[in-house]
Amino acid sequence: MILAGGFCKGQSLTVGGSNWTVSIPSITEAGSNYAGSYESAANQILLAASVPLLLGSAKVSVHYIANPTWNSSLGLNIKRTGNGTTVCLLCTITGGTTYQALTITDVELFRIAAVLALASYSNIPIQLQLTGVSVTVPAAAYGSRVVFTIGSL
């Protein structure tokens, strides 16, 4: 996975972490199949986001891009596994705590709201899940890039 970030209208989003390479064990017995789904570390991706007071709230969205190829039988899911850290007492981060499917178009992952101060979060942990792994999927190296954006509500 290759990660990207974005910003808009005073909001900022920084993406950290490392590429995730799924280690899929070999089939050693006739009639066997793969486990079907695999999960990354709970903090595979770490986001840092800030929302200025004037804006008040923002949403973080995500989509994937085949890099260079992807098989449509495979699914890529994403979730937020924690809130990260903030010094803002009245700020909130909501949504995105259950797996949702990534598509080639943006889907909302979570929201951040600032009340009386700049909402600034760091180390927001993100986990990925690969599904659909099966002997029926042609053997190849598949890859995708996960793209995060931050924008107004």
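Details
- Per-region count, the stretch 129-144, residues surrounded by 15 or more Cβ atoms within 10 Å (Cβ to Cβ) and of a type in the set (Ser, Thr, Tyr): 3
- Tally of residues being buried (at least 19 other Cβ atoms within 10 Å of the Cβ) and part of a strand (DSSP E or B) across the stretch 38-62: 9
- Within the stretch 74-97, the residues that satisfy the criterion of being of a type in the set (S, T, N, Q), over 13 Å from the mean Cα position of the chain (by Cα) and at pLDDT 95 or above are Asn83, Thr85, Thr94.
- Residue that is surrounded by the most Cβ atoms within 10 Å (Cβ to Cβ), among those in the stretch 74-83 that are without any contact (Cβ under 8 Å) to a residue 60 or more places away in the chain and not in a loop (DSSP other than H, G, I, E, B): Arg80
- Residues located in the stretch 102-128, provided they are at pLDDT 95 or above, of a type in the set (S, T, N, Q) and buried (at least 18 other Cβ atoms within 10 Å of the Cβ): Gln127
- A search for C-beta distances below 7 Å between a residue of the stretch 84-99 that is under 13 Å from Leu116 (Cβ atoms) and any residue that is loosely packed, with under 14 Cβ neighbours inside 10 Å, counting only pairs 6+ apart in sequence or on different chains, returns Leu90/Val115; Leu90/Leu116; Cys91/Val115.
- Qualifying positions in the stretch 105-133 - among the aromatic types (Phe, Trp, Tyr) and more than 13 Å from the chain's Cα centre (by Cα): Tyr121
- Thr136, sole failed condition from (1) in a strand (DSSP E or B); (2) within 28 Å of Ser32 (Cβ to Cβ); (3) of a type outside the set (Asp, Glu); (4) out of contact with any Gly (no Cβ under 9 Å at 6 or more places or on another chain): (1)
- For Asn71, the conditions (1) under 11 Å from the mean Cα position of the chain (by Cα); (2) within 16 Å of Ser144 (Cβ to Cβ); (3) in a loop (DSSP other than H, G, I, E, B); (4) not β-branched (Val, Ile, Thr) all hold with the exception of (1).
- On inspection, Asn43 fails the criterion of being at pLDDT below 95, of a type in the set (S, T, N, Q) and more than 19 Å from Gly10 (Cα to Cα).
The values are calculated or read from the model by the stated rules, or taken from the named source; none is laboratory data. Given the structure is predicted, the values throughout are model-derived calculations rather than measurements. As a convention, Cβ positions derive from the backbone with ideal geometry for all residues, glycine included, and neighbour counts pool all protein chains shown.
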